1. Condition (residue is in contact (Cβ under 8 Å) with a residue 60 or more places away in the chain, hydrophobic (A, V, I, L, M, F, W, C), over 20 Å from Ala236 (Cα atoms) and not in a loop (DSSP other than H, G, I, E, B)) applied to segment 31-43: is it met by at least one residue?
2. Mind checking whether some residue in segment 17-25 is at pLDDT 95 or above, closer than 23 Å to Met1 by Cα and not basic (Lys, Arg)?
3. Do any residues in segment 56-74 that are closer than 21 Å to Lys29 by Cα and free of Cβ contacts under 8 Å to residues at least 24 places away in the same chain have Cβ atoms under 8 Å from those of residues that are open to solvent by less than 10 Å² (accessible area, probe 1.4 Å) and of a type in the set (A, V, I, L, M), where the two are at least six apart or on different chains, and which pairs are they?
4. Considering only residues that are among the charged types (D, E, K, R) and in contact (Cβ under 8 Å) with a residue 12 or more places away in the chain, look in segment 220-267 and name the one that is least open to solvent (accessible area, probe 1.4 Å).
5. Go through segment 49-64 and count every residue that is touching a strand residue (DSSP E or B) at 6+ places or on another chain (Cβ under 9 Å) and within 22 Å of Pro22 (Cβ to Cβ).
6. Within the bounds of segment 30-38, is there any residue that is under 19 Å from the mean Cα position of the chain (by Cα) and open to solvent by less than 20 Å² (accessible area, probe 1.4 Å)?
7. Could you tell me whether any residue of segment 209-217 is farther than 20 Å from Met1 by Cα and either charged (D, E, K, R) or modelled with pLDDT under 95 (or both)?
8. Identify, by number, the condition in (1) in contact with a Gly (Cβ under 6 Å, 6 or more places away or on another chain); (2) of a type in the set (A, V, I, L, M); (3) not in a strand (DSSP E or B) that Ile66 doesn't meet.
Amino acid sequence: MITTIALDLDNTLLTSEKTISPRNEKVLKQLHTNGIRVVLCTGRPIKAIQPLLNQLSLMETTDYSITFNGGLVQQNATGDILARTSLSKADIAPLHAYAQKLGIPLDAIDLTQVFSLVDLGKSEYEAFLKGLMPFSDVTFAELPADDKFGKVVSASAKAVDNRDQLPAEITAKFHAVPSRRNLLEFLPQHTDKASGLKQLLAHFDEDYSNLMAFGDEENDLGMLAAAKVGVAMDNAIPAVKAAASDHTLNNDADGVAVFLEQYFGLV
């Protein structure tokens, strides 16, 4: 029985205008009221998705989100951490050296803010987040040594294009995955949305057989392949469509709502 619906955000639940459509909102609220768990799964920190959680009324004690692409499982209302994997400044050091050599920018994200490593050049990541998180421009030397970082991102098509040539010292420590065509995310090794969802489901004495997941990009592959019902958007990349058990309309055609209405027999 499906008890949990996991939703990627950009180009899946969200329209091209970065909003939740009225139809998607109505269906998800109806299912949540009926006892289905609705879990937003994103690379963003929870602070950056609070407006979406509020819009969907996902503020009960059993409501959680998967953030940092699986690195953090948090209770929505309190921010209490159920599970966490993170990176230290020492972990990031070889990645910084690699970025210098390749000539790509990096931004390191902790629970409350983003650190742009401006000794590598200012990236486009701050413009992409549009004020959802505060930014601090620092050099790598100035990066707090005692902080824990959920992920490091490179907002650069060059970084994505060169992912297959990452040196061994990087691949041994990081799970590198694109979350869009010009954004490469460096997560702690063995971390993805599927791993975060596994921890959340176990918290409720459940497993992947209780999971339905929606996605469109490579960072959604794990959860779509693991879920009992894995749904690819029509705008998904070919690899995601191949891994999914089911398909729906694109993100601007209420694809999430259309599939859920049919699957759960909503009127």
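The values are calculated or read from the model by the stated rules, or taken from the named source; none is laboratory data. Everything numeric here is computed off the predicted structure, so don't read it as measured data. Every residue, glycine as well, gets a Cβ built from its backbone with ideal geometry; the counts of neighbours run over all protein chains shown. The protein model used for the area step is the full one, side chains on, heavy atoms only, and it has no ligands, DNA or RNA in it. Shrake-Rupley method; radii C 1.70, N 1.55, O 1.52, S 1.80 Å.
1. Yes, that holds for at least one residue.
2. Among the residues of segment 17-25, at least one is at pLDDT 95 or above, closer than 23 Å to Met1 by Cα and not basic (Lys, Arg), which makes the answer yes.
3. Final answer for the pair search is Met59/Leu53.
4. So, considering only residues that are among the charged types (D, E, K, R) and in contact (Cβ under 8 Å) with a residue 12 or more places away in the chain, the one least open to solvent (accessible area, probe 1.4 Å) is Asp220.
5. Selection size over segment 49-64: 7.
6. Looking for residues that are under 19 Å from the mean Cα position of the chain (by Cα) and open to solvent by less than 20 Å² (accessible area, probe 1.4 Å), one finds at least one in segment 30-38, hence yes.
7. Yes, because at least one residue in segment 209-217 is farther than 20 Å from Met1 by Cα and either charged (D, E, K, R) or modelled with pLDDT under 95 (or both).
8. Among (1) in contact with a Gly (Cβ under 6 Å, 6 or more places away or on another chain); (2) of a type in the set (A, V, I, L, M); (3) not in a strand (DSSP E or B), Ile66 violates only (3).
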